[in-house]
Amino acid sequence: MLWVAPLRDIGPLSRRAIMGVIAWIVLGAVAGLIAEHLTGKRAGLLLATVVGIVGALIGGFIGKAVFGVQTLNTFFNLSTWVTAIVGAVVLFMLFGAVRGRGRSGGGRGRGRRWRRA
């Protein structure tokens, strides 16, 4: 039988870490879904969440390197959300450019291989 410790038995640092992970997932999901809507891509909730989280990390790294500011300070900070959304949009666009390269048929299942000559 699997035993899971209740949250009240976990120290304050561990509770903060758990809340931080949940906040990153929520931030990534919302930023990814907004970026998905802005770019017109259809990726689904899981991929949009992953793209949102990675986009937020990359956007925060670039923002810190280029502008010298810490953009991912808190969950309720506007710069955190803008950074995450812009990073996710850029990632969706790069994903679309890489995925679309080398295809002449335009999409999955559409092509000349199924037509009879």
Sort L78, L94 so that the residue with the fewest other Cβ atoms within 10 Å of its own Cβ comes first and the one with the most comes last.
L78, L94
Contact order relative to length for the stretch 32-96, counting C-alpha pairs under 8 Å separated by 6 or more residues, stands in percent at 43 percent
Dmax and Rg, reported as Rg then Dmax, of the stretch 32-96 (C-alpha, Å):
11.3, 34
Per-residue Cβ contact counts at 10 Å, fewest first, order V51, V82 as V82, V51
Taking neighbour counts of Cβ atoms within 10 Å as a proxy for exposure, in what order, fewest first, do T83, T39, T74 appear?
T74, T39, T83
Test of understanding: what is the full-extension gain from V98 to R42, defined as 0.36 nm times their sequence separation minus their Cα-Cα distance?
18.6 nm
Assuming R0 = 25 Å, what is the FRET efficiency of F61 and I25, from their Cβ-Cβ distance, to the nearest 0.05?
0.85
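Every read-out reported here was derived from the displayed coordinates using simple, explicitly stated rules and does not represent laboratory data. Remember, it's a predicted structure, so these values are computed and weren't measured experimentally. Counting neighbours? That spans all protein chains shown, and the Cβs are built from the backbone with ideal geometry, glycine included.
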